[in-house]
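Take a look at the structure below.
The values are calculated or read from the model by the stated rules, or taken from the named source; none is laboratory data. As the structure is a prediction and not an experimental result, all values here were calculated from the model. As a convention, Cβ positions derive from the backbone with ideal geometry for all residues, glycine included, and neighbour counts pool all protein chains shown.
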Amino acid sequence: MNYLVVKCGGSVLEKLPASFYKNLVELQQSGKWQPIIVHGGGPLISKLLKKLGVETTFVDGLRVTSKEVLHIVEMVLSGSVNKQIVQNIQKAGGSAYGISGVDGALISAKPANGSMKLGYVGEVTHVKTELIEQILENCHIPVISPIGIDTNGQIYNINGDVAASAVAKALGAKLCFISDIPGIYVEEKGVQTTLHELTKTEAESLIHKKVITGGMIPKVKAAIDGLAHNVQQVVILNGMEANSLHQFLAGEKIGTKMLADKEVHPHVQ
């Protein structure tokens, strides 16, 4: 089975064209690929928190999550955002099944490193792949909200990139991060150049130099972790570009492909 885990960031969800969802449905109906969506929803969460007068802060791209924030995160992700994606897939002629990581303990979690600063932010300890496979066997595209749960019933806010990497690791899938930019880029003398290939060492160097910042940090770290644990390929793609998923799966040079250090490729300065 060829699994493709597609992470849709909250910053792009409201901008993704209908063609993106059509491409997803085409991939599933071709029988060659089984797409699985893991989504975020950061901007919508921030918008609602602001409206409710609840303060929110970030540490290295991760939202500090108090009990009050956690309740709103779950409401936005598992309610509004999840069902919006399901609706868009069905508008494109497909069938989707929305599920939270809490449902059936799909995503088991524990407090993340640094939880003293981060609050109820979790890291994934296990993904129940049999639940995902059951959804796929019934010809639905799974749409997963990144909320985890521990053995005591405590729920955790899981960064969407981290959750997507964990799902891809568990399935041995290809992993595609959908963004609204062409990939990771460097800027010299006002000219932006997309890095079509990037190794673990180079990515860590760009984080250290603050070329990669903010929400891109957990994305890149999740990609690196995935490559070390059973994920076949990782790419950061611009979901605004028509057919970008098809182009990636056809092996074309598009977006930024993350490479393990042992893979050979032209050196990136």
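Summary of values
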item	result
Single unsatisfied condition, Glu204 versus (1) over 20 Å from Val38 (Cα atoms); (2) among the charged types (D, E, K, R); (3) touching a residue at least 60 places away in the same chain (Cβ under 8 Å); (4) not in a loop (DSSP other than H, G, I, E, B)	(3)
Answer residue from region 58-89, given it is under 14 Å from Tyr120 (Cβ atoms) and among the polar types (S, T, N, Q) and is surrounded by the fewest Cβ atoms within 10 Å (Cβ to Cβ) among those	Ser66
Where a residue in region 126-139 is under 17 Å from Val38 (Cβ atoms) and its partner, wherever it lies, is surrounded by 14 or more Cβ atoms within 10 Å (Cβ to Cβ) and among the hydroxyl-bearing types (Ser, Thr, Tyr), with Cβ under 8 Å and at least six apart	His126/Ser108; Val127/Ser108; Lys128/Ser108; Ile135/Tyr97
Unique match (being touching a strand residue (DSSP E or B) at 6+ places or on another chain (Cβ under 8 Å), on the phi < 0 side of the Ramachandran plot and crowded, with 18+ Cβ neighbours inside 10 Å) among Val211, Val186, Val235	Val235
Region 35-55 - residue that is outside any helix (DSSP H, G or I) and touching an Asp or Glu at 6+ places or on another chain (Cβ under 9 Å) and, of those, nearest to Leu249 (Cα to Cα)	Val38
Enumeration of residues in region 1-34 that are part of a helix (DSSP H, G or I), closer than 25 Å to Gln134 by Cα, touching a Pro at 6+ places or on another chain (Cβ under 9 Å) and of a type in the set (A, V, I, L, M, F, W, C)	Leu24, Val25, Leu27
Considering residues of region 74-128 that are of a type in the set (Ser, Thr, Tyr) and either in a helix (DSSP H, G or I) or under 13 Å from Asn159 (Cβ atoms) (or both) only, the residue modelled with the lowest pLDDT	Ser115
